[in-house]
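Input: a single structure, listed below in structure tokens.
The values are calculated or read from the model by the stated rules, or taken from the named source; none is laboratory data. All values reported here derive from a predicted model rather than from experimental measurement. Cβ placement follows ideal geometry from the backbone for every residue including glycine, while neighbour counts extend to all protein chains displayed.
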Ligand SMILES: Cc1ncc(COP(=O)(O)O)c(C=O)c1O
């Protein structure tokens, strides 16, 4: 929430809520001496997270990026394979595909969800396509049914990038558990954090077993130091899992608070026709990981961010479409991505840490309105 800067409050974009339970579990993990990747918290975090997502299995990892890479590796996706990803996402979605040696194929977003456009997915499928990675952007679920339908007609794997959508539901079902596998991130700005950390969830026992094997140097505990292939060290630590488990126990409270914060933003900004807040489709319950708004085209988001910062309010631009970035633009096959480009150009995220109070949000919103009016009068 608020921290003092120059005798004024400063509102960061996101901040975790570390409570007594987190301190108790992490202290216990430290005291136990199990500080690396063995220890009871790793197992409990995995079990608890699988239950949370209503999946049979969960495999913990060092972060969300490697969770995605490990899933692709465990599924045998590699050179010669194409993987469909939205162009509007955090770069890790594509990095993991590139680590695996496969080719990311970018697809445009839908204006109503800001996520992968199912019709564009269908058009992007080729004989080399092996998988689709929908991203539940900023906590709002992608429209999964048509994506799953395309996947089953073309015999493709669907891996949900649920790094930002802890607790979000699609037609009443938890995101992460809708495709062949789902991955999560527990970075410090996420709804559930373990500092750094990630998780793969799946109902596929063979996939879970293979991911488990590969994430510990492809070594089976019963045949110590016998490695049948090159694996990875992608393990989470017991300390991180202790923090993650405490947060997971508080998940219903943290999710409810995020939704409350979004409701306060809607209450204080809802009347502004020049701000379009997060999507909220009738079939979805977003986790509202980030509180976002699309600005009118005439407003320069960078200038708005500078003015907000001067008033003690942190903000972030949207992700840059991956087909425009130096390491990934070579994967652009001349596609058109007008929706992703427009969202990226006009989008801003505002402070949304779970410790914000109604008063904080009221203050932030009145500042946003003032700054927007200033910017509009200058535009
Ligand atoms: C959509 C998306 N995918 C993957 C990741 C990667 O997660 P991590 O930072 O834990 O590696 C992130 C991280 O924020 C993300 O937003």
Which one of 85, 105, 97 is assigned to a strand (DSSP E or B), assigned by TED's automatic domain parsing to the domain that holds residue 229, within 16 Å of the ligand (Cβ to nearest atom) and surrounded by 23 or more Cβ atoms within 10 Å (Cβ to Cβ)? 85
Residue among 38, 68 that alone is modelled with pLDDT under 95 and in the same structural domain as residue 172 (by TED's automatic domain parsing): 38
If you go through segment 133-157 one residue at a time, how many are in contact with a helix residue (DSSP H, G or I) (Cβ under 6 Å, 6 or more places away or on another chain) and more than 17 Å from residue 91 (Cβ to Cβ)? 4
Tell me, yes or no, whether segment 51-69 has at least one residue that is closer than 23 Å to residue 172 by Cβ, surrounded by fewer than 21 Cβ atoms within 10 Å (Cβ to Cβ), within 20 Å of the chain's Cα centre (by Cα) and away from the ligand (no atom under 16 Å from the Cβ). yes
List every residue pair whose Cβ atoms sit under 7 Å apart, with the two residues 6 or more apart in sequence or on different chains, where the first one lies in segment 1-18 and is surrounded by 14 or more Cβ atoms within 10 Å (Cβ to Cβ) and the second, anywhere, is at pLDDT below 60. 9/2; 10/2; 10/3; 11/2; 15/1
Give the number of residues within segment 344-359 that are outside any strand (DSSP E or B) and under 17 Å from the mean Cα position of the chain (by Cα). 5
Just to check your reading of the model, which residue among 188, 197, 176, 139 is touching a strand residue (DSSP E or B) at 6+ places or on another chain (Cβ under 6 Å) and within 16 Å of the ligand (Cβ to nearest atom)? 176
Hey, does segment 19-35 have a residue that's under 21 Å from residue 144 (Cβ atoms), touching a helix residue (DSSP H, G or I) at 6+ places or on another chain (Cβ under 7 Å), more than 15 Å from the ligand (Cβ to nearest atom) and in a loop (DSSP other than H, G, I, E, B)? no
Taking segment 70-81 and keeping only residues that are closer than 12 Å to residue 133 by Cβ and crowded, with 23+ Cβ neighbours inside 10 Å, one is left with 71, 72
With (1) away from the ligand (no atom under 16 Å from the Cβ); (2) under 15 Å from the mean Cα position of the chain (by Cα) as the list, and residue 90 as the residue in question, which single condition is left unmet? (1)
Between a residue in segment 217-236 that is farther than 28 Å from residue 195 by Cα and any residue that is assigned to a loop (DSSP other than H, G, I, E, B), which pairs come within a Cβ distance under 9 Å, given they are 6 or more apart or on different chains? 226/220; 227/217; 227/218; 228/218; 228/220; 229/218
Top-ranked residue in segment 347-379 [being surrounded by fewer than 19 Cβ atoms within 10 Å (Cβ to Cβ) and touching a strand residue (DSSP E or B) at 6+ places or on another chain (Cβ under 9 Å); ranked as nearest to residue 298 (Cα to Cα)]: 367
Could you go through segment 108-118 and let me know if any residue there is part of a strand (DSSP E or B), crowded, with 24+ Cβ neighbours inside 10 Å and either within 12 Å of the ligand (Cβ to nearest atom) or not assigned by TED's automatic domain parsing to the domain that holds residue 342 (or both). yes
Name the one entry in 239, 191 that is assigned by TED's automatic domain parsing to the domain that holds residue 50 and over 30 Å from residue 362 (Cα atoms). 239
